[in-house]
Amino acid sequence: MPTDTARGRTDAVKFALRGVAWSLGFFGLLRLSWTEAHAVWPLTRVQAAVAAGLFGTSALPVEVTLACSGADALALCLGAVFAYPVGWRSRLAGAAGGAALILGLNTLRIGTLGRVAASPAWFSTLHVYVWPAALTLAIAGYVFAWMRLADRRQALAETALARREPFLAGRPQPTRRFVFFTAAFLLLFSAASPLYLESTGVLALAGFIARAAAETLGIAGVSAHAAANVLWTTRGSFLVTQECISTPLVPVYLAGICAYSTTWRRLILGVLATLPLFIALGIVRLLVVALPDAVMASPLFFVHAFYQLLLAAVVVFLAALWRHRGSAAFGHALVGVIVGVLFVHLLGPFYTSVVTYPARVPLDDPQGAIAFLPAFQVGLYLALWVAAYVAVGWKRFLAGLAILVLTQTTGLLALHALASHAGLTAGVTDVRGWAVAGPLLIVAAVVKGAWGAQPSR
């Protein structure tokens, strides 16, 4: 029978392993070329500018490179904070505080090194010995202080929660792990897009999917053939690229595997099943082109939006399954899907015109993902609400809907600003990923708030 000491050692080992995993993950994320170009390097330049403003111009020219960004120290600190077993609100607050501390100290480091640049001895001492030791001690001191504060707050919160009455008897709270993993994996998926969108291996996989779809259509009696990564049918040609098979459903699927696998064996099997599963889905996606005109007049739109629509349907059915049991879950999910589809079909064009009016000038949108986003998100929000969350009240429903509309309006304005002033455009996979993640995260936050607002005795 395990003792308290043994259990404490086990918890410490788990924390250490999680800390290493989180730190390595942040190290890898901050080393991605896209992250370095769009986040780390601009932040380094800001630190150098602030340091110059505080300490003045350096005596000798000092080159501030990516090695001066403080990214390694930041990854180490964030890894320790995110690995600690407390609530995610505490972890995010701790991560924000740690990032502010490290960036502030690193700015001071850049400024002081600039001031002593004329003295090689002082520069070497500060650069090699003093500042690395100071940053290490600062990180360790901050992390330990934050842990004590987080433990104290969690104990107080658990004591207060024990005095509250259940809000909805017998219903579990939304899974925080799944919500967090989904957000984190979608962020990594977007950050790594330059890697897989230009990969020859992913392009070869797209060609395999095109050939497999052609053979499947041929077996079904539909005239089709494939050349390289192009599928030819009587309805025209369909180019299958890296972007076509890189779906946001992949990070969501992996988030579900990581959040709900109860053993290492299930986790490994679930991860290994990713490639064959999404190859099969890629083939099924191309079979849409075989549907007759009476069923689908524009197959290209549904081919492009296939994963987005499939992911939305899966999310709605999972939400209904979480909230209900048996046939009731299927019924609620079906009604939710119908409500969402009716909104998109009947009110979607009018709603989209209202939301996009402030931006006025249309964005570059070759697949129509941005134009489809406003109506789709509201339709998904309604579907999720009908499928699972009607019990938390109309006020929360309207509050979540208002937040969703606000994010859409501000998001479109931000995309216009980036396109006009920085020449940056949103990738199609990013838009389709946010199309599903936005309503899902808002609904999860609203429901979590409803459970947190339990009446006290």
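The values are calculated or read from the model by the stated rules, or taken from the named source; none is laboratory data. Every value quoted in this text rests on a predicted model; they were computed, and no experiment measured them. With ideal geometry, Cβ positions are generated from the backbone for all residues, glycine too; neighbour counts draw on all protein chains shown.
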Hey, A80 surrounded by 13 or more Cβ atoms within 10 Å (Cβ to Cβ) and either in contact with a Gly (Cβ under 7 Å, 6 or more places away or on another chain) or not assigned by TED's automatic domain parsing to the domain that holds I139 (or both) or not:
yes
Can you find a residue in the range 234-256 that is within 24 Å of T429 (Cβ to Cβ), more than 20 Å from the chain's Cα centre (by Cα), modelled with pLDDT under 85 and aliphatic (A, V, I, L, M)?
yes
Taking F278 and the conditions (1) crowded, with 20+ Cβ neighbours inside 10 Å; (2) at pLDDT 80 or above; (3) over 25 Å from the mean Cα position of the chain (by Cα); (4) in the same structural domain as R211 (by TED's automatic domain parsing), which numbered condition does it fall short on, given that it satisfies the others?
(3)
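Could you tell me how many of the residues in the range 220-251 are of a type in the set (V, I, T), part of a strand (DSSP E or B) and crowded, with 18+ Cβ neighbours inside 10 Å? Lay out the reasoning, then the answer.
Keep residues of the range 220-251 that are of a type in the set (V, I, T), which gives 222, 230, 233-234, 240-241, 245, 247, 250.
After this cut, where a residue has to be part of a strand (DSSP E or B) as well, the list is 230, 233.
Still in the running and crowded, with 18+ Cβ neighbours inside 10 Å: 233.
Residues that pass the stated criteria total 1.
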Among helices (runs of 4 or more DSSP H) completely within the range 303-414, the ones holding 3 or more residues that are modelled with pLDDT under 85 and touching a Phe, Trp or Tyr at 6+ places or on another chain (Cβ under 8 Å) are 306-323
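Could you please find all residues in the range 119-139 being loosely packed, with under 11 Cβ neighbours inside 10 Å and farther than 16 Å from C68 by Cα?
Once the filter is applied, which keeps residues that are loosely packed, with under 11 Cβ neighbours inside 10 Å and farther than 16 Å from C68 by Cα, the range 119-139 yields P120, A121, L137.
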Quick one: in the range 297-351, which of the residues that are over 24 Å from the mean Cα position of the chain (by Cα) and of a type in the set (F, W, Y) is nearest to F178 (Cα to Cα)?
F330
Could you pull out the residue among L275, L267, L254 that is in a helix (DSSP H, G or I), closer than 14 Å to F181 by Cβ and free of Cβ contacts under 8 Å to residues at least 12 places away in the same chain?
L267
Which one of these does L161 not meet: (1) over 24 Å from the mean Cα position of the chain (by Cα); (2) at pLDDT 80 or above; (3) more than 26 Å from G256 (Cβ to Cβ); (4) not small (G, A, S)?
(2)
Restricting to the range 84-108, and then to whatever is hydrophobic (A, V, I, L, M, F, W, C) and at pLDDT below 85, can you tell me which residue is farthest from R45 (Cα to Cα)?
V86
Which of (1) part of a helix (DSSP H, G or I); (2) modelled with pLDDT under 85 does V81 not meet, given it meets every other one?
(2)
Among the residues of the range 38-68 satisfying the criterion of being at pLDDT 80 or above and not hydrophobic (A, V, I, L, M, F, W, C), which is farthest from S190 (Cα to Cα)?
Q47
Could you check S261 against (1) in contact (Cβ under 8 Å) with a residue 12 or more places away in the chain; (2) out of contact with any strand residue (DSSP E or B) (no Cβ under 7 Å at 6 or more places or on another chain); (3) closer than 25 Å to A313 by Cα and say which number it fails?
(1)
